[in-house]
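Contents: one structure, followed by commentary.
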Amino acid sequence: HLVGYTFAKTGEFKKALYYYEKAIKYNPHLFRYKINYAASLAKSGNCKKALKIYKSVLFSKQLAKKWDTDYLFKQIYYCLRKMGNEKKFYSLITSLQYKSNITDEKLFIPAAAILISDKKHHQAEKLLIYYISTNKKSSNFYKAYLKLAENNIIQKKFYKAIAIYNKAIFMFNTD
């Protein structure tokens, strides 16, 4: 695995793939190997296969608590974007809500941040509104409102951002 990782860091993804395959063969239970293998696949142009591996990792019940979901979301979005399918990101995230062990706050807010950074403001807003409408009040619920307001500020929709802030403040002051 470390040899594969070294090759990947130097940009020699084909060589990295060979060593990752060997590592996975002897340690199929180590998800880090699969994720690094998928990253090299994506960088070498095989996003379809990489995406399949990333999804299997995300939908794994035992892994979801341990792995950095932000990293996986970024990699999945990268693959979908390279394939011209970034619109599928929303449906993947919403399907993970019920089919994985990933908590909602580790699912929706980081995914929305990825969309916002790629200027996919409408999709980010749709994702955050979905999260807000399906969850109870909590500190993460409040964070979703803040991210939604941030999304509007970036788009220079200041009055809408102020309305979102006011709604969040009202909801949390009425408890």
## Note on the structure
Out of (1) at pLDDT 90 or above; (2) open to solvent by 20 Å² or more (accessible area, probe 1.4 Å); (3) within 28 Å of residue 40 (Cα to Cα), the one residue 158 does not meet is (3)
### Task
Could you pull out the residue among 91, 44, 56, 100 that is of a type outside the set (A, V, I, L, M) and touching a residue at least 40 places away in the same chain (Cβ under 8 Å)?
100
## Note on the structure
Across the stretch 47-86, the tally of residues that are surrounded by 16 or more Cβ atoms within 10 Å (Cβ to Cβ), small (Gly, Ala, Ser) and modelled with pLDDT under 90 stands at 1
### Query
When the residues of the stretch 120-172 are filtered to those that are over 18 Å from the mean Cα position of the chain (by Cα) and among the small types (Gly, Ala, Ser), which remaining residue is nearest to residue 81 (Cα to Cα)?
149
### Query
On the given criteria, is residue 15 more than 14 Å from the chain's Cα centre (by Cα) and open to solvent by 40 Å² or more (accessible area, probe 1.4 Å)?
yes
### Task
Would you be able to say whether some residue in the stretch 35-46 is polar (S, T, N, Q), at pLDDT below 90 and assigned to a helix (DSSP H, G or I)?
no
### Residues satisfying the stated conditions in the stretch 22-34, i.e. open to solvent by 60 Å² or more (accessible area, probe 1.4 Å) and either at pLDDT 90 or above or assigned to a helix (DSSP H, G or I) (or both)
22, 25, 26, 32
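The values are calculated or read from the model by the stated rules, or taken from the named source; none is laboratory data. Predicted model, so just to flag it, every value in this text is computed and none were measured. Using ideal geometry, Cβ is built from the backbone for each residue, glycine included, and neighbour counts are taken over all protein chains shown. Side chains included, ligands, DNA and RNA excluded: accessible areas come from the protein's heavy atoms. Shrake-Rupley method; radii C 1.70, N 1.55, O 1.52, S 1.80 Å.
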